[in-house]
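Undergrad: Would you mind keeping the following structure in view while I ask a few things?
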Amino acid sequence: MDLKVDARKCTGCRICEFACNYHQDETISSIGSSLMFYFEEKKNYYGMMVKRAKTLYLGRPEGEQLLKPGEQIEGAGASAKPILLRVACDCCEDEDDGPLCVRACPYGVLSLEG
Amino acid sequence: MELMNNYKETILIVDLDAKQCDTESLSEDMVAAGLGGAGITAALYERYKDRDPLIIGTGFFTGTFMPGGCAGVVSAKSPVSGKLCHVPFGGYAAVELKLTGFDFVVVLGSSDSPVRLWLHDGLSDIDDASDIWGKDVWDSVDKIREAYGDEMIQLLVIGPSAEAQSKAAQFSVNYWGSFDKAALGAVFGAKKLKAIALRGLDSLDVAEGFFGACVDLKNAICSGAISGKSGLKDIARDIGIDAGAIEKLASMTHRNNAAYNCPYAAAAFVKYNEAPSAMDMKGHPAPGCLITDIRGFAALHGAGLDAGQAMEQCFRQGIEPEAAAKAGKTEGVSADAGKAAAFSTAVPASIFGSGQGDAWWQKRQALAAVLGIDPMLMVMAPEITEEKIVALVQMSAEWDEFSADELNRIAADVIAKSA
Ligand code: SF4
Ligand code: SF4
């Protein structure tokens, strides 16, 4: 199973990041999340990145992309770099009621597939 | 009461006369008396009112899982009404403020030279801002983010209009203006405070069961009054905005954005420098602007201006758009558009059939300003009942004694102390 992002439905509310942080370390914040919102504000260009165990998944408005270790995150800006240090998404396997980011998203953007 | 589930328990006092920062604790007594946001800024205003305080506060639920918990409040004496007003601000800025480690910021006195306040990681710096004094809001945002090396920095910032202490000025949240219709931007200008820059990487604790209870409320909101509605254009239709302005807005809308944890995307990003449908990252560097104040947009359209570009000019200059529309221009506007109220008149009295009269609206806005809930969502989501609020305050702070009577007292108190 992998987390997928339907980026065109995303509104940038960012609660998924905070929900993931809560799953990872029981606090509300964004810095410990496996998901990361990246944003070029003046262009209103935004999407989500997911740190997976062996790859980095980019859910961008123009489509999905999978990067392997060492590959550049083209154009995602400096705000994208910290994701590489994050703990990988574990699909919330130990959460009884399902993945926290999926439950928190008000817009049906996120899903576990595969 | 478990304060650390809702607060970082710190008030920052910035003395611009002495160019010095100090902190004091946010005590349980203060939270019991005012809960948060405007409930506490109003008390701080009373305490410091001889020194012209400008107070920025986060609400009880700001930065938590509470649906709509995005908002903060700027409280000060309005240069328009001469009374205490509370202007909400959202996006991510209020959450960022709380996660800097400061729940409230009290700015006293005024500086003799332009300054900006830089709050990050529990630290506060009063930095020189001569390099950006006189620059427009967009240039100032870019320069501050570049200077501190982080494009996710959130800002409360003013443009040339507020620097000149115009009553038509507003403070801006990043590039995009604000709901400031009380000229609180001019209070920044009088203090020579160009900007407050925020970057917070701290965290809050979460009470057992609170996440699930908030998800349940979010689901109830999504399937309630807002169900089937989408974006700023549906709000505009509902509140009777002129059809031509709605058509203009709809034709330019690129995406609808939501503030932090908001289940309704009430901001429309409009593009006029490239096709609104363009989704590629490599497009125009500044393709358009983000509209939250639909009345401002409609007023500019009604004044015969190209509303998207006129909004951009207002944002750059830091001018309240309805005042610009009244003057028929977006530069050198000095007169305000109307009378400043205790809570921002940018928020409609009723959205999607929710309205129950003036007293109801005022109480919803007071609650939004105390709790840190998006003021638009408080109007459009009747699912956020007072009963629900009391239950979530109790759960969030593990505070069983909190009651509906207390909630009513706090809302009434904020209303009584404000314009
Ligand atoms: S599925 Fe769980 S671990 Fe993965 S991103 Fe979502 S919240 Fe985080
Ligand atoms: S919670 Fe959903 S809508 Fe909000 S930022 Fe995350 S994916 Fe986008």
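Undergrad: Over chain B, calculate the relative contact order: mean separation of alpha carbon pairs under 8 Å at least 6 apart, over the residue count, as a percent.
TA: 21 percent
Undergrad: Next question, about the same structure. Probe radius 1.4 Å, ligands and nucleic acids ignored: give me the carbon and sulfur share of the accessible area of the protein assembly as shown as a rounded percent.
TA: 47 percent
Undergrad: Using only DSSP helix segments of four residues or longer, with each worth -39500 (n - 2.57), what per-residue ellipticity at 222 nm results for chain B after dividing by its residue count and rounding to 500?
TA: Value at 222 nm, helices only, nearest 500: -10500 deg cm²/dmol.
Undergrad: Region B:232-371: D in µm²/s via Stokes-Einstein (Kirkwood Rh, Cα pairs, 10 °C, 1.306 mPa s)?
TA: Taking Rh from Cα pairs, D becomes 99 µm²/s.
Undergrad: Pairs B:388/B:417; B:181/B:388; B:49/B:191; A:43/A:68: which are spaced more than 19 Å apart, C-alpha to C-alpha?
TA: Those over the limit are B:388/B:417; B:181/B:388; A:43/A:68.
Undergrad: Taking the alpha-carbon centroid of each part, what is the distance from region B:17-49 to region B:322-396 in angstrom?
TA: 23 Å
Undergrad: For region B:122-230, which GluC sites (Glu not before Pro) are in a loop by DSSP, counting at most 14 other Cβ atoms within 10 Å?
TA: Sites meeting the loop and neighbour criteria: B:208.
Undergrad: Taking the Cα centre of region B:211-327 as the origin, how large is its charge dipole in debye, to the nearest 20, when only Lys and Arg (+1) and Asp and Glu (-1) carry charge on their Cβ atoms?
TA: In total the dipole reaches around 140 debye.
Undergrad: Next up: Do any cysteines in chain A lack another Cys Cβ under 4.7 Å, and if so which?
TA: A:10, A:13, A:20, A:89, A:91, A:92, A:105
Undergrad: For region A:2-113, take every pair of Cα atoms, bin their distances at 10 Å starting from 0, and report each bin as a whole percent.
TA: In whole percents, the pair-distance histogram is 15, 52, 30, 3.
Undergrad: Roughly how many Å is it from the Cα centre of region B:106-170 to that of region B:235-256, as a whole number?
TA: For region B:106-170 versus region B:235-256, the Cα centre distance is 32 Å.
Undergrad: Sticking with this structure for a sec: Taking the Cα centre of chain B as origin, sum charge times position over the Cβ atoms of Lys and Arg (+1) and Asp and Glu (-1), and report the length of that vector in debye to the nearest 20.
TA: Approximately 1460 debye in magnitude.
Undergrad: At q = 0.17 Å⁻¹, what is the log10 ratio I(q)/I(0) for region B:154-250, with the Debye formula run over Cα points and no solvent?
TA: -0.94
Undergrad: From the square roots a ≥ b ≥ c of the eigenvalues of the alpha-carbon gyration tensor of region B:41-192, which class results: rounded (a/c under 1.5), prolate (a/b over b/c), or oblate?
TA: It comes out rounded by the Cα gyration axes.
Undergrad: Given H placed 1.01 Å from N in the peptide plane, which residues other than close sequence neighbours of residue B:89 have an amide H under 5 Å from its amide H?
TA: B:72, B:73, B:74
Undergrad: Further, regarding this structure: Just read off the accessible area of residue A:89 with the full protein assembly in place, 1.4 Å probe, to the nearest 10 Å².
TA: 40 Å²
Undergrad: Dipole of chain B (Lys/Arg Cβ +1, Asp/Glu Cβ -1, origin at the Cα centre): which of B:133, B:200, B:100 lies farthest to the positive side?
TA: B:133
Undergrad: Which pairs break 26 Å Cα to Cα here: B:339/B:363; B:77/B:192; A:4/B:98; B:167/B:229; B:77/B:248; A:9/B:233?
TA: Flagged as over cut-off: A:4/B:98; B:167/B:229; B:77/B:248.
Undergrad: Whole-Hz Karplus ³J(HN,Hα) for region B:142-151, in order, using 6.51 cos²θ - 1.76 cosθ + 1.60 and θ = phi - 60°, x for Gly and Pro?
TA: Result, rounded to whole Hz: 4, 5, 5, 4, 5, 4, 9, x, 8, 7.
Undergrad: Cα centroid distance between region A:1-42 and region B:187-228, in Å?
TA: 14 Å
Undergrad: OK, next. Determine the dipole magnitude for region A:2-113: charges of +1 sit on the beta-carbon of Lys and Arg, -1 on that of Asp and Glu, nothing else is charged, the reference point is the Cα centre, and the result goes in debye to the nearest 20.
TA: 560 debye
Undergrad: Using the heavy atoms of the protein chains and a 1.4 angstrom probe, tell me the accessible area per residue for region A:2-113 in square angstrom.
TA: That works out to 43 Å² per residue.
Undergrad: Excluding ligands, DNA and RNA, what is the accessible area buried between chains B and A, summed over both sides, using a 1.4 Å probe, to the nearest 100 Å²?
TA: So the total buried area for this chain pair works out to about 3700 Å².
The values are calculated or read from the model by the stated rules, or taken from the named source; none is laboratory data. Keep in mind that this is a model prediction, so the values were computed, not measured. Glycine gets a Cβ as well: all are built from the backbone with ideal geometry, and neighbour counts include every protein chain shown. For accessibility, only protein heavy atoms count, side chains too; no ligands or nucleic acids. Shrake-Rupley method; radii C 1.70, N 1.55, O 1.52, S 1.80 Å.
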